[in-house]
Structure formats: C-alpha cells, structure tokens
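The structure under discussion appears below in the form of structure tokens.
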Amino acid sequence: MLTIFHVKHPSLEIISVKIDGLNSLSNNNNPMLVADVSIKNPNAASFKFHEAATEVYYDGTLVGEGRAAPGEAGHGGWMFWLVC
C-alpha cells in the first residue's frame, strides 16, 4: 500500500500588534512593537523551522528588528510572540 501526501504551505497570520513604552510626557521614549503571530500548519505532519528575523521600517528607515526562536510547528498550528 502506498500513501501519497500533498504537502501544503503553512500560513502566517498576525493576530494583534501593539506599541508598549510610548510615553508622550517624557523625552526618554523607548517604544517596543509587540506582534502576536500564529503559524497554521495544514499538513498531517509537523515541520521544523529556523530562527526568523523581522525588520520594521518607517519612511524607508530601519526603526526596529525582532527575532523569533527556532521551533517546530505541529499539525494543529503553533503560536509565538514576535517582539520588535
């Protein structure tokens, strides 16, 4: 008996994005962009992924960057926080 699996691409969904540490009353602002990201894996098997990097640009200038640790996405999906 031969079983053939059609491998599907995982999908990435941004659940929410917020800005922490922005204080308009102080000149010592150090805001942090926090994004809640979900990877949905439609396959019957899990897959591993390497560290992911994200860069945030404003008006063509790099204003932040973030990293997500390597991991494994099970067949039901996997959630992680991405902080920039």
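The phi torsions of region 48-61, fed into the Karplus equation with coefficients 6.51, -1.76 and 1.60 and a -60° offset, translate into couplings of 9, 9, 7, 4, 10, 10, 10, 10, 10, 10, 10, 6, x, 10 Hz, rounded to whole numbers, with Gly and Pro shown as x. Converting phi to 3J(HN,Hα) with the Karplus coefficients 6.51, -1.76 and 1.60 and the offset θ = phi - 60°, region 68-74 yields 10, 5, x, x, 9, 9, x Hz in sequence order, with x at every glycine or proline. Taking 0.36 nm per residue of separation and subtracting the current Cα-Cα distance, fully stretching the chain between SER16 and LEU62 would add 14.5 nm. Excluding same-chain neighbours fewer than eight residues apart, the lysines reachable from LYS8 by a Cα-Cα span under 28 Å are LYS40, LYS48. Exposure proxy ranking for VAL56, VAL37, VAL7, based on other Cβ atoms within 10 angstrom of each Cβ and starting from the fewest, stands as VAL7, VAL56, VAL37. Taking 0.36 nm per residue of separation and subtracting the current Cα-Cα distance, fully stretching the chain between PHE47 and THR3 would add 14.0 nm.
Quick note: the coordinates plus some simple rules give every number you see, no bench work behind them. Treat the numbers as computed from the prediction; the structure is a model and nothing was measured. As a convention, Cβ positions derive from the backbone with ideal geometry for all residues, glycine included, and neighbour counts pool all protein chains shown.
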